[in-house]
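A short write-up of the structure that comes next.
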Amino acid sequence: MVPVGDLLTERAVLGVIATLAVLGLFVMLCRARRVSTSVEDAVMDMLHRMSKASADLREGLTQEAADKATPHLREMLRCVAVAITDSDGTVLSWDGGAADHYEYLRDTIAHAVTNNRKEHIEHRKLGCELQGPCSLHSAVVVPLRVEGDVTGTLIVVSGVASKRQIRMAEETARFVSTQLELEVLQKSRQALAQAEVRALRAQISPHFVYNALNTISSLIRTDPAHARELLQEFAEFTRYSFRTDGLFTTLADELTNIHRYLTIEQARYGSRLNVRLRIAPEVLQVVLPFLVLQPLVENAVRHGLAKKPGGGMLTITAEDNGNEALISVEDDGVGMDPDRLDDIKDAHQTGAHVGIGNINDRMRTVFGAEYALVVETAPNAGTKVILKVPKGRRGVLPNLNFGGVTDEPMTNEQPVIRA
């Protein structure tokens, strides 16, 4: 058995050793902290400048974007100068010294573009006639590639020649090329989104426009005042639906346009169409893809209620759910076999339902796969389509210049179109 006194002594010694070890580690960390602070500051500065340059280069390879980006790139590289040219070798921006050496670099730039590879040249080979020391000791010209094609060059001018500087120039050119490719990708995504909206309009218009004009024409003699009101609603509906600018809108604007659509459909279906709204005012300014709700409402009317003897109720709900808005379009119509849900995902190609596959694709593209449509349905049990919309997403902004929405949006929990 170990004596109690010895045990306490042993513990005391271990305690002293542990304390000294902690103190020693603390001193080491403090010293390391003092040394690493400057490194951390440099890294933070580098990240900040990369972030700034990224935002500028996402505008594309333009003079304005180059003028904004080159100062950040030069500070990142700690070099004499940084320049960006277009694919013809014309300088878009030159930040730093030795700008007068551009003429001597023309052949080097042309070789880099033609051969699609970096070119390194030292001052003594430039033919510079400057007497005395020159700030340009060497220059690296690296092609900027977008989807494999040379769209310009990055020129890095250094006061010293080193393999490290050449490698940094290559990595910086790769960074710039990546940002330019992302800009092209963003434009492609916008073009695709615009094409999808045009396709959706093309699907909506033949069904609704024909029936709307038919309904209005039938009222011209019997009820001309009502016909004029419907014609105004139809004009505002088409103005909003066929606008050419803006890929996003607010829930309030979308609901206002849906009100116009339902007003015209009520004139056609009469007591067979009833509508109930449950709209939380706090979600009215949520931003969602343009024309994402109206096709769902049209599907509910055409495929759910119009085929049900006696018609039924259409319910539109929008409620607050933390960082999201939950929106649903529900009808108590004929419903469908749930096994058909896979088929209607491609309905924007088959025409079975107005653009539901298109809408599903757009929601997934804009917000992510977790924001795909959820459809609940069964034969003779109606159909409910649910959308989740995040309250804020970078790059998702409404078109504030569109002045077509003047009506008050529909709110409150009450039928707006009654039998």
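The values are calculated or read from the model by the stated rules, or taken from the named source; none is laboratory data. These figures come from a predicted structure and were not determined experimentally. Cβ placement follows ideal geometry from the backbone for every residue including glycine, while neighbour counts extend to all protein chains displayed.
Quickly run through the stretch 55-81 and pick out the residues that are under 13 Å from residue 183 (Cβ atoms) and of a type in the set (Val, Ile, Thr). If the condition is that a residue be under 13 Å from residue 183 (Cβ atoms) and of a type in the set (Val, Ile, Thr), then 62 is the only one that fits. Selection within the stretch 106-133: residues that are among the hydrophobic types (A, V, I, L, M, F, W, C) and either touching an Asp or Glu at 6+ places or on another chain (Cβ under 6 Å) or not in a loop (DSSP other than H, G, I, E, B) (or both). The member of this set that is modelled with the lowest pLDDT is 121. Being at pLDDT below 60 and in the same structural domain as residue 306 (by TED's automatic domain parsing): is that true of residue 410 here? So residue 410 passes the test. For residue 265, are the conditions met, namely being more than 27 Å from residue 340 (Cα to Cα), in the same structural domain as residue 357 (by TED's automatic domain parsing) and acidic (Asp, Glu)? In short, no.
Scanning the stretch 237-263 for residues that are in contact with an Asp or Glu (Cβ under 6 Å, 6 or more places away or on another chain) and either at pLDDT below 90 or hydroxyl-bearing (Ser, Thr, Tyr) (or both) turns up 256, 263.
For the stretch 312-355, residues that are farther than 24 Å from residue 252 by Cβ, at pLDDT 70 or above and crowded, with 17+ Cβ neighbours inside 10 Å total 6. Entry remark, the stretch 281-311: residues being at pLDDT 90 or above and among the polar types (S, T, N, Q) number 1 in total. Of the residues making up the stretch 75-105, those that are assigned to a helix (DSSP H, G or I) and either at pLDDT 90 or above or under 29 Å from the mean Cα position of the chain (by Cα) (or both) number 1.
Looking at 154, 92, 182, just one residue is in contact (Cβ under 8 Å) with a residue 60 or more places away in the chain and more than 23 Å from residue 78 (Cα to Cα), and that residue is 182. Could you tell me whether the stretch 356-366 includes any residue that is farther than 26 Å from residue 209 by Cα, assigned by TED's automatic domain parsing to the domain that holds residue 297, at pLDDT 85 or above and surrounded by fewer than 20 Cβ atoms within 10 Å (Cβ to Cβ)? Yes, the conditions are met somewhere in the stretch 356-366.
Of the residues making up the stretch 280-292, those that are surrounded by fewer than 24 Cβ atoms within 10 Å (Cβ to Cβ) and hydrophobic (A, V, I, L, M, F, W, C) number 5.
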